[in-house]
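In what follows, a single structure is set out as structure tokens and then discussed.
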Amino acid sequence: MLEFRESSGNVFADLGLPNPEERLAKADLMIIINAEIKRRGLRQAEAAAMVGLRQPDISNIARGLGISYSMERLLTVLGRLGMEVEITARRRRNGAGTVVVRRAV
């Protein structure tokens, strides 16, 4: 018999991985980076030259293997792609704070 459990909305938390909020935020940033590179029709080498990374770094980001990159590095890549990044901090009424990445349309 199969057992199902409803997701929390964060696969990293569901898997019990450390720092799940940060991992999810990084994954979301990598998705946005990939979408912008594809939108521009850039090859990985072209994108790498534009953002100051090596082609293997862009390949890692494209394959979702950029979790080891810092948030700062991913945000810098977005900025160099001409993306506007906005960070908002607000007080929560209770519980721990979270990191949420939203892509403006």
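The values are calculated or read from the model by the stated rules, or taken from the named source; none is laboratory data. Source: prediction; values computed, not measured. Here the Cβ positions follow ideal geometry from the backbone for every residue, glycine too, while neighbour counts run over all protein chains shown.
Could you tell me which residue of the range 52-68 is surrounded by the most Cβ atoms within 10 Å (Cβ to Cβ), considering only residues that are more than 13 Å from Asp28 (Cα to Cα) and in contact with a helix residue (DSSP H, G or I) (Cβ under 8 Å, 6 or more places away or on another chain)? Give the derivation first.
Filtering the range 52-68 for residues more than 13 Å from Asp28 (Cα to Cα) gives 52-60, 68.
Narrowing further to those that are in contact with a helix residue (DSSP H, G or I) (Cβ under 8 Å, 6 or more places away or on another chain): 52-55, 57-59.
Details: Gly52: 11, Leu53: 21, Arg54: 12, Gln55: 14, Asp57: 19, Ile58: 25, Ser59: 16.
Looking at the filtered set, the residue picked out is Ile58.
Could you grab me the full set of residues in the range 52-67 that are closer than 25 Å to Arg102 by Cβ and outside any helix (DSSP H, G or I)?
We begin by selecting, within the range 52-67, every residue closer than 25 Å to Arg102 by Cβ; these are 53, 57-58, 60-67.
Listed by number, the residues that qualify are Leu53, Arg63, Gly64, Leu65, Gly66, Ile67.
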**Complete:** With the first residue restricted to the range 1-19 and required to be free of Cβ contacts under 8 Å to residues at least 40 places away in the same chain, and the second required to be assigned to a loop (DSSP other than H, G, I, E, B), Cβ contacts under 6 Å at 6 or more apart or on different chains are Asp14/Ser7; Asp14/Ser8
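Among the residues of the range 72-81, are any among the aliphatic types (A, V, I, L, M), in contact with an Asp or Glu (Cβ under 6 Å, 6 or more places away or on another chain) and either at positive phi or without any contact (Cβ under 8 Å) to a residue 60 or more places away in the chain (or both)? Reasoning before the result, please.
Step one: filter the range 72-81 for residues among the aliphatic types (A, V, I, L, M), giving 74-75, 77-78, 81.
Okay, now just the ones that are also in contact with an Asp or Glu (Cβ under 6 Å, 6 or more places away or on another chain), so 81.
With the extra rule that they be either at positive phi or without any contact (Cβ under 8 Å) to a residue 60 or more places away in the chain (or both), the set shrinks to 81.
Yes, the conditions are met somewhere in the range 72-81.
State which residue is modelled with the highest pLDDT when the search covers only the range 7-46 and only residues that are outside any helix (DSSP H, G or I) and of a type in the set (A, V, I, L, M, F, W, C).
First pass over the range 7-46, keeping only residues outside any helix (DSSP H, G or I): 7-10, 15-19, 41-43.
Then keep just the ones that are of a type in the set (A, V, I, L, M, F, W, C); that gives 15, 17, 42.
Values: Leu15: 93, Leu17: 93, Leu42: 97.
Ranking the qualifying residues of the range 7-46, first place goes to Leu42.
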**Asked** Do the conditions hold for Asn34, that is, is it of a type in the set (S, T, N, Q), surrounded by 13 or more Cβ atoms within 10 Å (Cβ to Cβ) and on the phi > 0 side of the Ramachandran plot?
**Response** no
**Request:** Please give the number of the condition Phe4 fails out of (1) exposed (fewer than 13 other Cβ atoms within 10 Å of the Cβ); (2) aromatic (Phe, Trp, Tyr); (3) in contact with a Lys or Arg (Cβ under 6 Å, 6 or more places away or on another chain).
**Result:** (3)
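With the structure loaded, tell me whether Ala49 is modelled with pLDDT of 95 or more, surrounded by 14 or more Cβ atoms within 10 Å (Cβ to Cβ) and in a helix (DSSP H, G or I) or whether it fails that test. I'd like the intermediate steps shown before the answer.
Numbers: modelled with pLDDT of 95 or more: yes; surrounded by 14 or more Cβ atoms within 10 Å (Cβ to Cβ): yes; in a helix (DSSP H, G or I): yes.
Yes, satisfied.
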**Fill in**
Every listed condition ((1) under 11 Å from the mean Cα position of the chain (by Cα); (2) closer than 22 Å to Gly9 by Cβ) holds for Leu78 save (2)
